[in-house]
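Written out below as structure tokens is the structure these notes cover.
The values are calculated or read from the model by the stated rules, or taken from the named source; none is laboratory data. Computed from a predicted model, the values in this text were never measured in an experiment. In this analysis, Cβ positions are derived from the backbone assuming ideal geometry, glycine residues included, and neighbour counts consider all displayed protein chains. Note: accessible area is taken over every heavy atom of the protein model, side chains too, but ligands, DNA and RNA are not part of it. Shrake-Rupley method; radii C 1.70, N 1.55, O 1.52, S 1.80 Å.
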Amino acid sequence: GQRIPMNQVFSFDDDPEGDMMLEGIVLDEGEQPAPGVLVHLSSNPPRFTKTGEDGTFSFDKLVGRSYAVAALHDGKRAGPISHLLTKTSEPVVLKLREGATVVVEVHDEAGRAVAGASVQLRALSEQTASTDSEGVATFKGVSPGWHFFVASASGLAPGRSPAQVPDGSGITVRTRITMKRGVPVSGVVVDHSGKPVEGAQVAAFPAATMLPGVNMRKDGVSSDKRGKFTIPAVATGSYRLVAVKQGYPAASSEPTMVGTSAVGGVEVRFDEAAKLAGRVLDGDGVPVPWAQVRVKERSSATSGMSGATRQATAGEDGSFELEGLPRKKIVALALSDIASSELLELDLGEGDVKDVELTLSLAGTISGVVVDSAGEPISEAQVVAFPD
């Protein structure tokens, strides 16, 4: 199948509180206002609300940036559409229509159906369904694009499958998840001096796969006040246990082999943290509100989480502050909806770096046309640019 560039592991800081409101309306297939519809917003963390009797909805305390907005109701879906929120942007209009149907078959390693498994569709409009006696879970109103389906059941390690859903109504996509037997994996999270860290999220990342499909918020377990954690079921294989907590750089254990019996005593140690602070400016030196700031370790190694990218949103005055960065060489980049800064190399080896200026000096565009193998144009294809 198609390869997705999976080395772009992102962790998003929570959005700052803004003073802007995103308003909109959901219409049904007869262009009439649709009440009681669940609307999802791609804020960090994600938010959702329901439309009122007149089909309208709103999200408050937002910042001025692009958001994805989607709606789901009774097997019908709208969006996701991208909306650039400004002080003068128009309300969003979402029109419900029939989405795709995705049928997920869940089996164990022996090929037996797993009944009663909980299957989650991870998308902007998230859905959860249980498998029937045949091991089948069905999702309706699925939007086009790449989605992850994650199955969980007692005594089995979570099973994952990506699926690409084409655009169009009445389409049915089938995907299969194989769930393997799992054993508990436990250990301790400590800081750089060896003290236990409470409230870290810990998850097992397969060492060999480029497509882990692991979400720290959803799949992580929490460390207790003694720093201890237990992941209930991990399948046979080699893993790195990754821990994240605000104020600390992401940490990764040594490679850990998991077999057929419980694994204990794994240590995940956070390194000392550094802070990066500064401002985002335009070409004339004027602060840019609500710009995105990305930071990545200078090393190109992708062992554990060193290939991870942190992203935060600057304030209305262009100022930003990222805590919990590694004390290493990093590269920083600022982005707005129309421009980007040059990559700035910084050394956090000695600790905090303040008063950094990121200037949005690059406003180049890449444009083109997407065609199929016969040269025919393809509409509504998603195009993503990754720096080489």
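Quick check: is even one residue across the range 226-242 at pLDDT 95 or above and of a type in the set (D, E, K, R)?
Within the range 226-242, one or more residues are at pLDDT 95 or above and of a type in the set (D, E, K, R).
If I filter the range 215-225 down to residues being of a type outside the set (K, R) and touching a Lys or Arg at 6+ places or on another chain (Cβ under 9 Å), which single residue comes out as modelled with the highest pLDDT? Let's see the steps before the verdict.
We begin by selecting, within the range 215-225, every residue of a type outside the set (K, R); these are 215-216, 219-224.
Then keep just the ones that are touching a Lys or Arg at 6+ places or on another chain (Cβ under 9 Å); that gives 215, 223.
Details: N215: 84, S223: 97.
Selected residue: S223.
For the range 203-214, enumerate the residues that are more than 13 Å from G159 (Cα to Cα) and at pLDDT below 85.
Listed by number, the residues that qualify are A207, A208, T209, M210.
Determine whether the range 43-56 contains at least one residue that is in contact with a Leu (Cβ under 9 Å, 6 or more places away or on another chain), open to solvent by less than 40 Å² (accessible area, probe 1.4 Å), in a loop (DSSP other than H, G, I, E, B) and at negative phi.
Yes.
Among the residues of the range 190-199, are any over 23 Å from S130 (Cβ atoms), among the β-branched types (V, I, T) and out of contact with any His (no Cβ under 9 Å at 6 or more places or on another chain)? Give the derivation first.
First, the residues of the range 190-199 that are over 23 Å from S130 (Cβ atoms): 190-199.
Then drop every residue that is not among the β-branched types (V, I, T), which leaves 190, 197.
Keeping just the survivors that are out of contact with any His (no Cβ under 9 Å at 6 or more places or on another chain) gives 190, 197.
Yes, because at least one residue in the range 190-199 is over 23 Å from S130 (Cβ atoms), among the β-branched types (V, I, T) and out of contact with any His (no Cβ under 9 Å at 6 or more places or on another chain).
For the range 7-34: of the residues being in a strand (DSSP E or B) and at pLDDT 95 or above, which is surrounded by the fewest Cβ atoms within 10 Å (Cβ to Cβ)? Quick ask: steps written out before the conclusion?
Taking the range 7-34 first, the residues in a strand (DSSP E or B) are 10-12, 20-27, 33.
The next check asks that each one be at pLDDT 95 or above; those that pass are 21-27, 33.
Values: M21: 12, L22: 20, E23: 14, G24: 22, I25: 19, V26: 27, L27: 19, P33: 15.
Of everything passing the filter in the range 7-34, M21 is surrounded by the fewest Cβ atoms within 10 Å (Cβ to Cβ).
Residues that are of a type outside the set (D, E) and in contact with a Ser or Thr (Cβ under 6 Å, 6 or more places away or on another chain), at least 2 per element: which strands (runs of 3 or more DSSP E) completely within the range 61-108 meet that?
Output list reads 66-73, 76-84, 100-108.
Enumerate the pairs (first residue in the range 247-261 and open to solvent by less than 70 Å² (accessible area, probe 1.4 Å); second residue anywhere and hydroxyl-bearing (S, T, Y) and outside any loop (DSSP other than H, G, I, E, B)) with beta-carbon separation below 9 Å, excluding pairs fewer than 6 apart on the same chain, so at least 6 apart or on different chains.
Qualifying pairs under 9 Å: A250/S11; S253/Y239; T256/S238; T256/Y239; V258/S238; V258/Y239.
Scan the range 332-372 for residues that are under 30 Å from R269 (Cβ atoms) and either surrounded by 16 or more Cβ atoms within 10 Å (Cβ to Cβ) or out of contact with any strand residue (DSSP E or B) (no Cβ under 6 Å at 6 or more places or on another chain) (or both) and jot them down. Walk me through how you get there before you give the answer.
Of the range 332-372, the ones under 30 Å from R269 (Cβ atoms) are 332-333, 343-354, 356.
Within the range 332-372, A332, L333, L344, L346, L348, G349, E350, V353, V356 qualify.
Scan A204, A208, A163 and give me the residue that is small (G, A, S), open to solvent by less than 70 Å² (accessible area, probe 1.4 Å) and closer than 23 Å to G264 by Cβ.
Numbers: A208 fails: open to solvent by less than 70 Å² (accessible area, probe 1.4 Å); A163 fails: closer than 23 Å to G264 by Cβ.
Sole residue among the options that is small (G, A, S), open to solvent by less than 70 Å² (accessible area, probe 1.4 Å) and closer than 23 Å to G264 by Cβ: A204.
If you check V69, V37, V63, which single one turns out to be β-branched (V, I, T) and either open to solvent by 70 Å² or more (accessible area, probe 1.4 Å) or more than 30 Å from R310 (Cα to Cα) (or both)?
Working: V69 fails: either open to solvent by 70 Å² or more (accessible area, probe 1.4 Å) or more than 30 Å from R310 (Cα to Cα) (or both); V63 fails: either open to solvent by 70 Å² or more (accessible area, probe 1.4 Å) or more than 30 Å from R310 (Cα to Cα) (or both).
After applying the criteria, what remains is V37.
Looking at the range 40-78, which of its residues are of a type in the set (A, V, I, L, M), more than 20 Å from D167 (Cα to Cα) and at pLDDT 95 or above? Step through it out loud before you land on a result.
Restricting attention to the range 40-78, the residues satisfying the condition of being of a type in the set (A, V, I, L, M) are 41, 62-63, 68-72, 78.
With the extra rule that they be more than 20 Å from D167 (Cα to Cα), the set shrinks to 41, 62-63.
The answer is L41, L62.
For the list (1) in contact (Cβ under 8 Å) with a residue 12 or more places away in the chain; (2) more than 25 Å from V69 (Cα to Cα), I need the number of the one condition that A110 fails.
Exception for A110: condition (1).
Would you check if V173 is under 24 Å from A70 (Cβ atoms), touching a residue at least 40 places away in the same chain (Cβ under 8 Å) and touching a strand residue (DSSP E or B) at 6+ places or on another chain (Cβ under 8 Å)?
Working: under 24 Å from A70 (Cβ atoms): yes; touching a residue at least 40 places away in the same chain (Cβ under 8 Å): yes; touching a strand residue (DSSP E or B) at 6+ places or on another chain (Cβ under 8 Å): yes.
For V173, the condition - under 24 Å from A70 (Cβ atoms), touching a residue at least 40 places away in the same chain (Cβ under 8 Å) and touching a strand residue (DSSP E or B) at 6+ places or on another chain (Cβ under 8 Å) - is met.
Tell me, yes or no, whether the range 147-162 has at least one residue that is modelled with pLDDT under 95 and more than 24 Å from S238 (Cβ to Cβ).
Yes: the range 147-162 contains one or more residues that are modelled with pLDDT under 95 and more than 24 Å from S238 (Cβ to Cβ).
For every residue, the table says whether it meets (1) of a type in the set (A, V, I, L, M, F, W, C); (2) open to solvent by 30 Å² or more (accessible area, probe 1.4 Å).
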site: E90; (1), (2): no, yes
site: L94; (1), (2): yes, no
site: A110; (1), (2): yes, yes
site: A115; (1), (2): yes, yes
site: S118; (1), (2): no, yes
site: R122; (1), (2): no, yes
site: S125; (1), (2): no, no
site: T131; (1), (2): no, no
site: G135; (1), (2): no, no
